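Just so it is clear, none of the values below were taken in a lab; they were calculated from the coordinates. Every value quoted in this text rests on a predicted model; they were computed, and no experiment measured them. Quick reminder, even Gly has a Cβ in these numbers, built from the backbone with ideal geometry, and neighbours come from all protein chains shown.
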């Protein structure tokens, strides 16, 4: 396995095995156990567009495992601003590091980088394309809550057109036999080619504009942010975005163990009143980014995670 | 009207290439994709919208003193996937070629998606489109994964 560009790079067995590794690495991610599995290894963090959680959790994951990190830094002060091609940047960083985590505004950039590099590339988001490391932490969070991945009913809500997290996640959930409810305004529907791929893989997919009506039977509600700039005028945005906001009072009829997830940052699509409910999982989800990425770094660097790590996991 | 009659609409060529079974109306596009334009010095004959048993109507092109190779022919997959090519030497058919595509079309066209990484003309890696299906032709960019609109794609020939 050279790198992780889309979820197609992992079989279901590999996904489950990496999630097992992640579970065992929890005490290391929490800092209660020190396990320098990646000592002497260097991660290149290439973030060509802003990132808080993904960049920081990659960095934390590497450091918790005793490895080191070099950063591209601010794109505005790097050679990218001088017109350097992605190919050349990758050639350089490939020589400095053992593995690269990358986010780029252009779709396809991660695959392009993988074709140019000898070291593994971890796709941290490419335009509106894929975000498979986010999917791994999402799957970890779902498995933590429900004890399984198969046969769940999952509502993906908000901006399904441009939201790369839901593109990768929908593929993975379909492969585990989950039923998907795609709840979005018509302007921000899941791209037709993705729905067609999901159906071709035997997906049980329903598209709707009714988020609130979908909550009652859901096991997972995965919210995403609707961006104002996607709409021609502010009134239209206000009208549409209002239908994709969750308040604690919307959750009265929800299943006891239903969880609400969000890749963050949120703006106002999840009201703070939801934070105090048993359903909120988005902050745990953000923490899980560290442990899922630790497991991925080990897997891609061919470092085995010991069966018995100790700690409380 | 017979096939033979169609071929006689233009003079037989001594040496060169005959491209048959081009969908009606696409001959000009085929010439464009082969880079045959006003700067070319070789004689070119073309018939358009002639009857065809297999296709209803079709176009035919004859290029004198130039032999198309397999790579050039494969470029035509986008506009004339059923094209047949005959290489003519001394008024006789010396070779017959048909389009042979593997899993990918490499460095023939650029991805049509405006935000694909390959839209930067300075990026040096090959333009690669994966073939999902031949009939009908379905292509996706190797890098960004976007499905390609064939009508738009013919404008992106490299």
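Structure notes:
- Going from the fewest other Cβ atoms within 10 Å to the most, the residues B:73, A:211 appear in the order B:73, A:211.
- A straight line joining the Cα centroids of the range A:213-271 and the range A:35-113 runs 32 Å.
- Between residue B:70 and residue A:20, the C-beta separation translates, for a Förster distance of 41 Å, into a calculated FRET efficiency of about 0.25.
- In the frame of its principal axes, the range A:236-310 has Cα extents of 50, 31, 16 Å, reported largest first.
- Each of the peptides A:174-182, A:235-243 was scored by the mean count of other Cβ atoms within 10 Å over its residues; in descending order, highest first, they stand as A:174-182, A:235-243.
- As a proxy for reagent exposure, ranking A:140, A:287, A:47, A:58 by other Cβ atoms within 10 Å from fewest up yields A:287, A:47, A:140, A:58.
- As a length-normalised measure over Cα pairs under 8 Å and 6 or more apart, the relative contact order of the range B:11-158 settles at 22 percent.
- Using the Cα coordinates of the range B:104-156, the gyration tensor eigenvalues translate into equivalent-ellipsoid semi-axes of 18, 11, 10 Å, sorted from longest to shortest.
- P(r) of the range A:145-201 over all Cα-Cα pairs, binned every 10 Å from zero, in whole percent: 24, 57, 18, 1
- A convex hull fitted around the alpha carbon atoms of the range A:129-170 yields 65 Å³ per residue.
- Relative contact order, percent, the range B:3-98 [alpha-carbon distance under 8 Å, six or more residues apart]: 39
- The base-10 log of I(q)/I(0) for chain A, evaluated at q = 0.07 Å⁻¹, reads -0.27 [Debye formula, identical scatterers on Cα atoms, solvent excluded].
- The alpha carbon radius of gyration of the range A:185-266, expressed as a multiple of 2.2 N^0.38 Å, is 1.21.
- Percentage, to the nearest whole number, of Cα pairs in the range A:133-285 over 20 Å apart: 44
- Peptide A:159-171 has a mean of 0 when you count, residue by residue, the C-beta atoms of other protein chains within 10 Å of its C-beta.
- Dmax and Rg, reported as Rg then Dmax, of the range A:51-120 (C-alpha, Å): 12.3, 35
- Per-residue mean of foreign Cβ neighbours for A:78-86 is 2 (Cβ atoms of other chains, 10 Å radius).
- Annotation for residue B:37 and residue B:151: the two label points, set 7 Å from Cα along the Cα-Cβ direction, are 2.3 nm apart.
- Helical content alone sets the calculated 222 nm signal of chain A at -11000 deg cm²/dmol, taking -39,500 (n - 2.57) per DSSP H segment of four or more residues and averaging over every residue.
- Counted by neighbouring Cβ atoms within 10 Å, the residues B:62, A:153, A:82 run from fewest to most as A:82, A:153, B:62.
- The simple spin-label model puts a point 7 Å past each Cα toward its Cβ; for residue B:106 and residue A:238 those points are separated by 5.6 nm.
- Within the protein assembly as shown, percent of DSSP bridges classed antiparallel, to nearest 5: 50
- Shielding by partners, peptide B:110-123 (average Cβ within 10 angstrom, other chains): 5
- With 5 Å bins from 0: P(r) over the range A:1-87, alpha-carbon pairs, percent: 3, 12, 16, 19, 21, 16, 7, 5, 2
- When chain A is treated as a Gaussian network with alpha carbon springs shorter than 10 Å, the biggest mean-square fluctuation among A:101, A:172, A:200 belongs to A:200.
- Annotation: chain B has a Kirkwood hydrodynamic radius of 16.6 angstrom, from the mean reciprocal C-alpha pair distance.
- Relative contact order (percent, whole number), the range A:206-279, Cα cutoff 8 Å, 6+ residue spacing: 43
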